[in-house]
1. For 190, 105, which order do you get if you count the other beta carbons within 10 Å of each Cβ and list the fewest first?
2. Using 0.36 nm per residue, how much length does the chain from residue 47 to residue 62 gain when fully extended, once their Cα-Cα distance is taken away?
3. Hey, which lysines would be in cross-link range of residue 55, C-alpha to C-alpha under 29 Å, not counting anything within fewer than 8 residues on its own chain?
4. Give, as a single signed number, the net charge of other residues whose beta carbon lies under 14 Å from the beta carbon of residue 179, with Lys and Arg counted +1 and Asp and Glu -1.
5. Of all trypsin sites (Lys or Arg not before Pro) in the stretch 207-272, which ones are in loop regions per DSSP and have a Cβ with at most 12 other Cβ atoms within 10 Å?
6. Report relative contact order for the stretch 36-160 in percent, whole number only (criteria: Cα-Cα under 8 Å, sequence separation at least 6).
7. Using Cα-Cα distances under 8 Å and only pairs 6 or more residues apart, what relative contact order does the chain have, in percent?
8. Starting from the 7 Å offset along Cα-to-Cβ, what nm value, one decimal, do you get for the label separation of residue 74 and residue 29?
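No value in this document is a laboratory result; all are computed from the given coordinates. Here the structure is a predicted model, which is why all the values come from computation and not from measurement. Here the Cβ positions follow ideal geometry from the backbone for every residue, glycine too, while neighbour counts run over all protein chains shown.
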Amino acid sequence: MEIEIDIQDIRKLVNTVKAKYAFDFGEYALSSFKRRLVRILDLYKFKDMNELINKVNFDKVFYENFLKEITVNTTEMFRDPSMWKKFRETVVPELAKLSSIRIWHSACSSGEEVYSMAILMKEAGLLEKTKFLASDINEDVIATARSGKYPLRNMPLHSDNYDKSGGTKKLTDYYKTNGDYAYMDLSLIHTTVFKKFDLVLGKQEQKFDVILCRNVLIYFNLPLQDKIIEMFSGTVDTGAFLVVGSKESIAWCKSATKYSTFSFEEKIYRKL
Ligand SMILES: C[S@@+](CC[C@H](N)C(=O)[O-])C[C@H]1O[C@@H](n2cnc3c(N)ncnc32)[C@H](O)[C@@H]1O
């Protein structure tokens, strides 16, 4: 039987996490947050929300697992290949005009998006003048991203995406296999800095020419989306690109007026 989760329990949980771990779930979209909680209660066989709240409060290792369950990490290389094709054909020629290029993957998960961009920039002959920042709230996924070690069973999907994205070689040219794993060519990320960064509370001092914030805004409520898009506005100059996920949009955000729509279909925006 499904455990009842009322709004008071959610508030108590959110306040506990905020006080103990300085992480604020307060503005995550309620419906998906609740769905994830139901999953966690079931997965760990908690008898009620209080038990879960106590566990989060007193067990740091459990908290890390809890965080992983709440912040969905699903990703793919060249996810939504038509975006990458558009990026390759229309954004890259603009970036090629710059003397150096700075790209921020602001919710990089286990790094597939970062390797995709590095491959694309390499094929465009721009990798050596590109610096990447790859960040996420979750340290475990960042460690995977750094290692470039991915299950071999996922590579056919990544390869198919790569081909559809207009890749000029074969994805297999960029990794070696050993046992059940693919090991990405780490020279692809030699100009990448990986670090933990919280989009909710983090402050960004650096400037970027491209920011990717794909498939994470969807988990936030509108005021939080507003805040993040506003934060991005301060880290880019006129002409910089912002890319969000295929099911996301900045149209409803207050700072949408600071951007033009570069590609409506592919959710690519440009700072005015
Ligand atoms: C579904 S994945 C998207 C990965 C990749 N951008 C893509 O489109 O395939 C969402 C990522 O957002 C991260 N995330 C969730 N809340 C975050 C926050 N407050 N700050 C930074 N990253 C966050 C999660 O840890 C997860 O890795």
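1. 190, 105
2. 3.8 nm is the gain from fully extending residue 47 to residue 62.
3. List returned: 12, 18, 20, 34, 45, 47, 68, 195, 196.
4. Summing Lys/Arg as +1 and Asp/Glu as -1 gives +2.
5. 207, 247
6. 24 percent.
7. Here the relative contact order equals 17 percent.
8. Distance between the two pseudo-spin positions: 1.3 nm.
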